[in-house]
Amino acid sequence: MDHARRPLIAGNWKMNGLAADAEARGRDLAGRTRAGDAPPCDWLVCPPATAIPVVVAAVAGAPVAVGGQDCHAAASGAHTGDIAARMLADAGCGYVIVGHSERRADHGEDDAAIAAKAAAAHAAGLVAIVCVGETEAERDAGRAHAVVARQIAGSIPAGATAANTVVAYEPVWAIGTGRTPTVDDVQAMHAHIRGCVPPSIDAAALRILYGGSVKPGNAAALLRLPDVDGALVGGASLVVDDFWAIGEATR
Ligand code: PGA
């Protein structure tokens, strides 16, 4: 970690829990951040869309931001079931995840679609967390850096800056599997990403998160890497003790 970039610890709750669970988790986290001697990181939680309002209320006044897990590229219109970025902002979100590998796989989202979503997020005043990451076959074939460079080139829209964009490197094969790349591979990929973001982004100020099986037991080793500026946490973010312990690893 380079402390010029304040680490961001982001929880992606995915499609888990009902509003009461989300509210309780939000309250618990907010209470811990208010208790004093909180770790030196920014906190973000991304609940299921239906739970966003209760979580926004539960963390009100605490240094915990709320984000969406996806948005549509259009500002409004005939898109049944979708959510516009400005609706997320209206609900109290400050961030939105775009291009998560589960969206890329489940919904066939390509780099161009993700760039359009990130642009919509920016237009709505949200920070876009743009996710990239190779599959296991791509890594085994020695193509991980090339794949991620292509995703970065295609998924980050014009006008992206270090203030309105965060990149999350999430190797597909590490998500929800308990497996992670070596710390050397993570650092090499993060440095590679910092070197290939478009010129509108001040690369030295860009926050690049690692995601994929981040747990309390491996967080410190990952978060101390010079080009890792936080974590995007799935499973472990559902347990506040574990999520908090990951934040503690930024000390
Ligand atoms: P995981 O998920 O921490 O459960 O591996 C990470 C993610 O998908 O963002």
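The values are calculated or read from the model by the stated rules, or taken from the named source; none is laboratory data. The model shown is predicted, which means the values in this text are computed figures rather than measured ones. Backbone-built Cβ (ideal geometry, glycine too); neighbour counts: all protein chains shown. We work out accessible area using only protein heavy atoms, side chains counted, and drop any ligands, DNA or RNA first. Shrake-Rupley method; radii C 1.70, N 1.55, O 1.52, S 1.80 Å.
Going by the conditions given, is Asp70 within 16 Å of the ligand (Cβ to nearest atom) and out of contact with any strand residue (DSSP E or B) (no Cβ under 6 Å at 6 or more places or on another chain)? Answer is yes for this residue.
Just one residue in the set Ala121, Ala128, Ala137 is touching a helix residue (DSSP H, G or I) at 6+ places or on another chain (Cβ under 7 Å) and more than 20 Å from Cys196 (Cβ to Cβ); that residue is Ala121. Looking only at residues that are in a helix (DSSP H, G or I) and in contact with a Pro (Cβ under 6 Å, 6 or more places away or on another chain) in region 109-136, which one is most open to solvent (accessible area, probe 1.4 Å)? Of everything passing the filter in region 109-136, Ala119 is most open to solvent (accessible area, probe 1.4 Å). Of all residues in region 90-104, those satisfying the criterion of being within 8 Å of the ligand (Cβ to nearest atom) and surrounded by fewer than 24 Cβ atoms within 10 Å (Cβ to Cβ) are Ser101, Glu102.
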